[in-house]
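The next block holds one structure in the form of structure tokens; read it before the comments.
What follows is calculated from the coordinates using simple rules that are stated; it is not laboratory data. All values reported here derive from a predicted model rather than from experimental measurement. Positions of Cβ are backbone-derived with ideal geometry, glycine not excepted, and every protein chain shown enters the neighbour counts.
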Amino acid sequence: MDRQILSKAIEYVGSFFKNDASGHDAYHTLRVYRTAVMLAEKEGADTDITALAALLHDVDDKKLSPETHLNFDNARRFMTENGVDGETQNKVIDIISKVSYVGENSPVPDSIEGKCVQDADRLDAIGAIGIARAFAYGGSHGRSMYDPSVKPEHFTDEKQYYGNKNSTSLNHFYEKLFLLKDLLNTESARTIAEKRDEFMHAFVDEFLDEWKGEA
Ligand code: ADP
Ligand code: NI
């Protein structure tokens, strides 16, 4: 693959995600790109395919770009305009179509490159940055930070996961973020996830203690 495509993709996502305040700013994509390539190197995966899929993984996100999500129009257009061959395009689209978390039975990409991108995306949803992203997302979608009368739920499939409109940002930890460490594909990602998961648990414990007046 022409190395220039990756710098063009970095430029593209920089302008695509400019001004996003829902936890999907360009830095999210750049962190996923960096982490995915690091995992790909450890796993012996193709780093170019991993890098391109990581950079394009959110440009047709269901929540951000519902009108292009169905056919992954933005990713396809970017690749076509930059001369990416058909076979590579299909590999990248296959990855980004399966990367997102959509409930406990979320799909797993078939390729090792896709598994690295999925793990990188999930690592960015946990730990200190994951906490910040959850509250940024909640705020931008008008969700409450916490409401003790709203209990966390189980979402197994995409319909249930996206159908849930009333949950709170704190419930999101039980509904998704605490589950991610056991849903990772690679050993290297699992190792990184351990510390981040512990940190999130400490945060939520402290949050609830303060809420109850016990801290
Ligand atoms: P990703 O970019 O990792 O695929 P999503 O698009 O699902 O993640 O969501 C972006 C960020 O917002 C993530 O950090 C995610 O955990 C958070 N988020 C998603 N849904 C909710 C929610 N219902 N409440 C709070 N945070 C959420
Ligand atoms: Ni993402």
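So which GluC sites (Glu not before Pro) in the stretch 58-88 pass both tests, a DSSP loop state and at most 15 other Cβ atoms within 10 Å of the Cβ? The qualifying sites: there are none. Computed about its Cα centre, the charge dipole of the stretch 14-107 is approximately 220 debye, with only Lys, Arg, Asp and Glu carrying charge at their Cβ. When restricted to Cα atoms, the chain yields an Rg and a Dmax of 17.5, 60 Å, respectively. Ellipticity at 222 nm from helices only: DSSP H runs of n ≥ 4 in the chain, each -39500 (n - 2.57), divided by the residue count, give -19000 deg cm²/dmol.
Based on Cβ point charges of +1 for Lys and Arg and -1 for Asp and Glu, what charge dipole magnitude is obtained for the chain about its Cα centre, in debye rounded to the nearest 20?
On the way: 25 positive and 38 negative charges, 70 e Å.
Its charge dipole is roughly 340 debye.
The order of LYS181, LYS176, going from fewest to most other C-beta atoms within 10 Å of their C-beta, is LYS181, LYS176.
Measuring between their Cα centroids, the stretch 112-175 and the stretch 11-57 lie 19 Å from each other. Taking the charge dipole of the chain about its Cα centre, with +1 at Lys and Arg Cβ atoms and -1 at Asp and Glu Cβ atoms, the residue from LEU177, GLY86, TYR137 reaching farthest to the positive side is TYR137. Look at the Cα gyration tensor of the stretch 93-193: its axes a ≥ b ≥ c give a/c of at least 1.5 with a/b over b/c, and that counts as prolate.
In terms of its C-alpha gyration tensor, the stretch 151-192 comes out prolate, because a/c is 1.5 or above and the ratio a/b outweighs b/c. Computed over the stretch 1-111, the P(r) curve from all C-alpha pair distances, binned at 10 Å from the origin, holds 14, 50, 33, 3 percent per bin.
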